[in-house]
Amino acid sequence: MIEIDEYERIVSGFHESLRQTPVELASLKLSEDFWSLKEILGHLVDSASNNHQRFVRLQEDSRAAFPAYDGESWVAVQRYCEADWNVLVDLWSAYNRLLLWLVRNIDEGALSHVWEVGGEQHTLQWVVEDYYRHLRWHHEHYAARLGELRKG
């Protein structure tokens, strides 16, 4: 069963955190091994983009095989740390509103459709749930990183 109300709370809470983030902290890195707030958000734009494809394609076909993606590489290639903060926030917000619309309207008969990746199989229901688990985890990660930057 899709928990759309919970997903809406996750997106709304994260969006509020993004809106309250001081822009001057968004590009700062605690070390080369840690993503900046912009890089975390850029990763979440990538996640939304990739999962958008999964959510749609798994409603079209009962089985689909398409690749995963390397989050580290995508963040590096797109140089999110140099991107405009407001553009990233607006893009993430709009994309997640679109995904909520899509999830709210998923054909329940498609929830058992299977994505094949790396020798594993995941249902559309699992993919949707995992997207919002991932988003919730990164919201906590983001809040912790923002706290570290504020201590500074």
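What follows draws every value from the coordinates through simple rules; no lab data is involved. Computed from a predicted model, the values in this text were never measured in an experiment. All Cβ positions, glycine included, derive from the backbone under ideal geometry; neighbour counts span all protein chains shown.
For the chain, the normalised intensity computed at q = 0.11, 0.20 Å⁻¹ comes to -0.44, -1.24 (log10 of I(q)/I(0), Debye sum over alpha carbons, equal scatterers, no solvent). Remark: segment 69-77, residue by residue, has Karplus-estimated 3J(HN,Hα) of 9, 8, x, 4, 5, 4, 5, 5, 4 Hz, where x stands for each Gly or Pro and the curve is 6.51 cos²θ - 1.76 cosθ + 1.60 at θ = phi - 60°. Between Arg133 and Ala94, the FRET efficiency estimated from the beta carbon spacing at R0 = 25 angstrom works out to 0.70.
Put a dot 7 Å past the Cα of Asp33, heading toward its Cβ, do the same for Glu6, and the two dots end up 3.3 nm apart.
If you place +1 on the Cβ of every Lys and Arg, -1 on the Cβ of every Asp and Glu, and leave all else neutral, what size is the dipole of the chain about its Cα centre, to the nearest 20 Debye?
So the magnitude is around 340 debye.
The gain in end-to-end length when the Arg57 to Ser112 segment is fully stretched comes to 18.5 nm, 0.36 nm per residue minus the alpha carbon separation. Model label sites at Glu24 and Ala68, defined 7 Å from Cα along the beta-carbon direction, differ in position by 4.0 nm.
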